[in-house]
Each structure stands twice: as C-alpha cells, then as structure tokens.
Amino acid sequence: MIRHIVLFKFKPGHTWADERAIEAERMSADVGAEVEDLLEWRTGRNISERPIAYDFAVIGLVRDADALQRYLLHPFHQKSAALWREISDWVIADLEE
C-alpha cells in the first residue's frame with residue numbers, strides 16, 4: 001500500500017476568500033469518488049496559524065505503484081491539480097505502508 005500526501009500553500013495574493021480556492025477545494029473532495037484506484041481519500045483545510053504551515057492537504061491510499069500512477073494520470077485528478085497549480089505551490093510524500 002502507498003499513502004499519498006500532498007500539502008498545498010497558497011501563492012502570494014491567494015486566500016480562502018478566492019473563489020478559485022473554493023472550487024479547487026470542492027474538486028479535491030470529489031477526487032476520491034471519481035478515481036477508482038483510491039482506497040481512501042481525505043481532504044482538509046489547515047487549522048494551524050504557524051508561518052510554516054500549509055493551507056490545504058489531501059491524503060490518499062492506493063494499492064501499489066501502478067495504482068498510484070493511474071491515479072496521477074486520471075483525467076479528473078489532472079483537472080483538480082490544474083486548479084491548484086494556478087493558486088498554490090505544493091509538496092508531496094508517497095509512503096509505503
């Protein structure tokens with residue numbers, strides 16, 4: 001199993017007041033239902049006010065490296081990532097479980 005974690009940090013000038021952020025959040029929430037390789041899917045806004053904190057996270061679970069690759073290439077995931085790319089930078093970690 002592979003736990004896929006992505007942390008998003010808004011680019012300067014973007015906040016949760018931005019309608020594009022709300023749309024990216026909504027679409028991210030739907031990725032779990034749209035991408036069949038995801039065994040688990042969680043999304044959420046950060047509640048920490050620390051300066052090093054990121055603004056949003058997604059956490060998924062897939063069976064193996066092949067499933068991770070299919071998830072990454074899935075058209076719905078690609079569309080969601082494109083929304084985030086406009087308004088944020090992100091970091092990822094893929095952990096074997």
Exercise for review: Using only the alpha carbons of the stretch 43-97, determine the length spanned along each of the three principal axes and report them from longest to shortest in whole angstroms.
Suggested key: 36, 28, 15
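Which order do Tyr54, Tyr71 take when ranked by solvent-accessible area (1.4 Å probe, heavy atoms of all protein chains), largest first?
Sorted descending by solvent-accessible area, the residues read Tyr54, Tyr71.
How would Ile2, Ile52 line up by accessible area, probe 1.4 Å, largest first? List each step's numbers first, then the result.
Details: Ile2 25, Ile52 135 Å².
Descending accessible area places them as Ile52, Ile2.
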Review point. Can you list residues whose amide H is under 5 Å from Asn46's amide H, if they're 5+ apart or on another chain and H is modeled 1.01 Å from N?
Key: Phe56, Ala57
Exercise for review: Describe numerically, in nm with one decimal, the distance between label points set 7 Å from Cα along Cα→Cβ at Ala53 and at Glu19.
Suggested key: 2.8 nm
Check your understanding: For the stretch 84-94, what does the Karplus curve 6.51 cos²θ - 1.76 cosθ + 1.60, with θ = phi - 60°, yield as ³J(HN,Hα) per residue in whole Hz, taken in order and with x for Gly and Pro?
Key -> 5, 4, 5, 10, 8, 10, 8, 10, 10, 9, 10
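Of all accessible surface on the stretch 6-97 at a 1.4 Å probe, what whole percent is carbon and sulfur?
The computed percentage sits at 53.
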Check your understanding: Which value, in Å² rounded to 10, gives the accessible area of Arg45 with a 1.4 Å probe and all protein chains present?
Key -> 110 Å²
Study note, to complete from the structure: Protection proxy (average C-beta count within 10 Å per residue), highest first, orders 32-43, 6-17 as 32-43, 6-17
Review point. Taking the Cα centre of the stretch 1-81 as origin and charging only Cβ (+1 Lys, Arg; -1 Asp, Glu), how large is the dipole, in debye to the nearest 20?
Key: 260 debye
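Using the Kirkwood formula over every pair of different C-alpha atoms, what hydrodynamic radius in Å results for the chain? Kindly include the intermediate steps, with their values, before the conclusion.
Numbers: mean 1/r = 0.0733 Å⁻¹.
The Cα-based Kirkwood calculation yields 13.7 Å.
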**Study point:** Sum of side-chain charges, Val31 neighbourhood, beta-carbon under 12 Å (Lys, Arg +1; Asp, Glu -1)
**Key:** -3
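Could you work out [θ]222 nm for the chain from helices alone, using -39500 (n - 2.57) per DSSP H run of at least four and dividing by all its residues? Round to the nearest 500 deg cm²/dmol. Don't skip to the end; give the middle numbers.
On the way: 3 runs with 38 residues, N = 97.
Helix-only estimate at 222 nm: -12500 deg cm²/dmol.
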Study note, to complete from the structure: Given the candidates Ala67, Leu38, Ser88, the one whose Cα lies deepest towards the positive end of the charge dipole of the chain, counting +1 at each Lys or Arg C-beta and -1 at each Asp or Glu C-beta, is Ser88
Point to revise | Table column - 3J(HN,Hα) (Hz), the stretch 30-40, Karplus curve with 6.51, -1.76, 1.60, x for Gly and Pro | key: 7, 4, x, 7, 8, 9, 5, 6, 7, 7, 9
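The values are calculated or read from the model by the stated rules, or taken from the named source; none is laboratory data. In this text the structure is predicted, and so the values were computed from the model without any measurement. Cβ coordinates were reconstructed from backbone atoms using ideal geometry, including for glycine residues, and neighbour counts include every protein chain displayed. Accessible surface areas use protein heavy atoms only, side chains included; no ligands, DNA or RNA. Shrake-Rupley method; radii C 1.70, N 1.55, O 1.52, S 1.80 Å.
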